[in-house]
Amino acid sequence: MARVLSVVAGLAVTLCGGVASAASGRPFEVRYDGAMASPELVADRTFHARHGAVVTAHGGRVLSLPRGGGDRFLRFPGGTCATAPCPQAIVRPFRSGGLVPDGGTGPFSFGADVRLTAEPPDRAGMNVWQHGLAGPGHAQWKLQVDGGRPSCRWSDGTRVVLLGTGSYRLAPGRWYRLRCARLGETLFEVRVLDAATREPVTPPARAVAPMGPILPRDGATIGGKRVRADQADPSTDQFHGDLDEVFFRGAATE
């Protein structure tokens, strides 16, 4: 498409067009607006051409569908799956190394337009956008809608900030615009907006907490944590529903 709060403790394909460095003066960014270059490739509409490879298992697919007015969105496997084998599908952006501005200390924001296609189980884990894994020694940034509840997570491998929306749950069939941001070295924010009106659905939530460089080691993924034939949703955190305007930007606002 062109166009709460808790603090808790503790890809290798070369395409045409090079990756711009910080010296270019342009921010690191990614934007997937629902278009696909092929059934196996989600198109990044920024000059970085950091396209995303579609990785699937057991009949899972990522589809590009019309949203209206010439816009499109990405549809991930529907339903839920508690026992393997499960339909799985994620997107892996190429060259994830650019998604750590200023050596991991600078401000950045990320998010997506999200629409659930069914009521999720209360304990379902669903990852929308993440770079790095959770756990001691692992740096990470992540947007998730576990059980339909949006939350953002940041970790430098030692300290963790987790910001959520309290008891608020996303209503199936409605588009939301979810935004996570590291506004400064110690300031973090999550916003939930109506995707059509851009009006807040819940008040913005902020946290102030110390945080070192966020330097994830593992590649970024969209729509789940991983694809594993022997694992079900509780282990893969497969997202079920629709995504649009998936973005990362090496700046505090978007």
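The values are calculated or read from the model by the stated rules, or taken from the named source; none is laboratory data. Fair warning: this is a prediction, and the values are worked out from it, not measured in the lab. Positions of Cβ are generated from backbone atoms using ideal geometry, with glycine treated the same way; all protein chains shown enter the neighbour counts. Heavy atoms of the whole protein, side chains included, go into the accessibility calculation; ligands, DNA and RNA do not. Shrake-Rupley method; radii C 1.70, N 1.55, O 1.52, S 1.80 Å.
Being open to solvent by less than 10 Å² (accessible area, probe 1.4 Å), aliphatic (A, V, I, L, M) and in a loop (DSSP other than H, G, I, E, B) is true of LEU170. Scanning the range 196-234 for residues that are small (Gly, Ala, Ser) and surrounded by 21 or more Cβ atoms within 10 Å (Cβ to Cβ) gives ALA220, GLY223, GLY224. What single numbered condition from (1) within 24 Å of TRP175 (Cβ to Cβ); (2) of a type outside the set (Ser, Thr, Tyr); (3) open to solvent by 80 Å² or more (accessible area, probe 1.4 Å) fails to hold for GLY78? For GLY78, the failing item is (3). For HIS48, work out the one condition from (1) of a type outside the set (Lys, Arg); (2) open to solvent by less than 30 Å² (accessible area, probe 1.4 Å); (3) modelled with pLDDT of 90 or more it doesn't fulfil. The single condition HIS48 does not satisfy is (3). Give me the residue from the range 182-195 that is within 19 Å of PHE108 (Cβ to Cβ) and within 17 Å of the chain's Cα centre (by Cα) and, out of that set, most open to solvent (accessible area, probe 1.4 Å). The extreme case among them is ARG191. THR83: of a type in the set (S, T, N, Q), out of contact with any Gly (no Cβ under 6 Å at 6 or more places or on another chain), surrounded by fewer than 14 Cβ atoms within 10 Å (Cβ to Cβ) and over 21 Å from PHE47 (Cα atoms), yes or no? Judged against the criteria, THR83 is a match. Residue count for the range 204-234, restricted to those that are at pLDDT below 95, outside any loop (DSSP other than H, G, I, E, B) and closer than 15 Å to ALA89 by Cβ: 1. Taking the listed residues VAL100, VAL114, the one that is of a type outside the set (D, E, K, R), surrounded by 15 or more Cβ atoms within 10 Å (Cβ to Cβ), more than 16 Å from TRP141 (Cα to Cα) and touching a strand residue (DSSP E or B) at 6+ places or on another chain (Cβ under 9 Å) is VAL114, with no other qualifying. When the range 140-165 is filtered for residues that are outside any loop (DSSP other than H, G, I, E, B), touching a strand residue (DSSP E or B) at 6+ places or on another chain (Cβ under 6 Å) and open to solvent by less than 10 Å² (accessible area, probe 1.4 Å), the ones remaining, listed by number, are GLN140, TRP141, LEU143, CYS152, TRP154, SER155, VAL161, LEU163.
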